[in-house]
1. Using only Cα atoms and rounding to the nearest 10 degrees, what angle (0 to 90) does helix 172-188 make with the longest principal axis of the chain?
2. Among all the aspartates and glutamates, which ones have a C-alpha under 15 Å from residue 148's C-alpha, if same-chain residues fewer than 8 places away are not counted?
3. Compute the acute angle (0 to 90°) between the alpha-carbon long axis of helix 202-220 and the principal axis of greatest extent of the alpha-carbon atoms of the chain; round to the nearest 10°.
4. Could you calculate, for segment 63-132, the ratio of the Cα radius of gyration to the Kirkwood radius, expressed as Rg to Rh?
5. Given +1 on the Cβ of Lys and Arg, -1 on the Cβ of Asp and Glu, and no further charges, what dipole in debye does the chain carry about its Cα centre, rounded to the nearest 20?
6. By how many degrees, between 0 and 90 and to the nearest 10, does the Cα long axis of helix 75-89 differ from the longest principal axis of the chain?
7. Tabulate in residue order the Karplus-calculated ³J(HN,Hα) for segment 147-153, using 6.51 cos²θ - 1.76 cosθ + 1.60 with θ = phi - 60°, rounded to whole Hz; enter x for Gly and Pro.
8. Using +1 at the C-beta of Lys and Arg and -1 at the C-beta of Asp and Glu, which of 176, 162, 190 has the Cα lying farthest in the positive direction of the dipole of segment 98-227?
Amino acid sequence: MPGKLIVFEGVEGCGKTTQMQRLYNWLIKSDVFHRLQTEGHLQGVVMTREPGGTDLGKVLRQLLLEQTVGPSLQDRTELLLYAADRSQHVEEMIRPHLEQGFLVLCDRYTDSTVAYQGYGRELDLSLIQQLNQIAAQGVKSELTFWLKLEVELGLARTQKRGKADRIEQAELAFHHRVQRGFEALAAAHPERIVAIDASLSEAVVSQTIQTLLEQKLNQWSPPLSTN
Ligand code: T5A
């Protein structure tokens, strides 16, 4: 597919949403993006997220994250709802944009299911892999920024924001298992997952991500004059 999927991952409060927005703001004004558009490599850039990247996804997001649903939501049901959200998101939003040549920036994707439902909820990892395959239908991240932050630091950041959602309220041990999931994923997929020290200031984290993406974009689509 002519487009590229770029994903942001990490534990609660690691700064994904902040960094995705900052990357978007930088990208649309950057020389590299302008060149890629002018040379016809890219059509544009869009931002999206999981859960909640489609109209159906917004309803599923409410079911998944609102505390009121918490006690009745079984772990396997939770897994299937995330898979349903992704299936709709890939078909309705991600794949069409990639086919048209867009850069798709996505806040969480398949790795979150492995980390949260696999490691966090301790559901069967091979089952999760199968479900990820069914939902993603071969659409894979080209580059994943793993914003690596201590669990306690991330939770402290989200607590400052106010009321915690259903998953943020899970026990501390759950969040540590999730972190181990991201560590295992990063070790297994060094070709795609880049760890970023998310304890640094927003501006420093942002600069690191911009530099890495710029390098990747130049690598994927070198300037025509050097071909
Ligand atoms: N989930 C998701 C699963 O369980 N399985 C799945 O398959 C999928 C796809 C999603 C939830 O669903 C779970 C994971 C999640 O629990 P969400 O609201 O999208 O819900 O939750 P998060 O993705 O965790 O989003 P958050 O908004 O809570 O965290 P972010 O996006 O990582 O952090 P951000 O950017 O909002 O920043 C949090 C706070 O920290 C500050 C910000 O200003 C903000 O107040 N901050 C910094 N402070 C200091 N230094 C920095 N460098 C900072 N960067 C940000």
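1. 40
2. 9, 12, 107, 111, 183, 197, 202
3. For helix 202-220, the angle is close to 50 degrees.
4. 1.03
5. 300
6. On a 0 to 90 degree scale, this one is about 20.
7. 7, 8, 8, 4, 3, 5, 5
8. Result: 162, furthest along the dipole toward the positive end.
The values are calculated or read from the model by the stated rules, or taken from the named source; none is laboratory data. These numbers come from a predicted model, not from an experiment. Cβ coordinates were reconstructed from backbone atoms using ideal geometry, including for glycine residues, and neighbour counts include every protein chain displayed. Please note that ligands, DNA and RNA were not included when accessible areas were found on the heavy atoms of the full protein model with its side chains. Shrake-Rupley method; radii C 1.70, N 1.55, O 1.52, S 1.80 Å.
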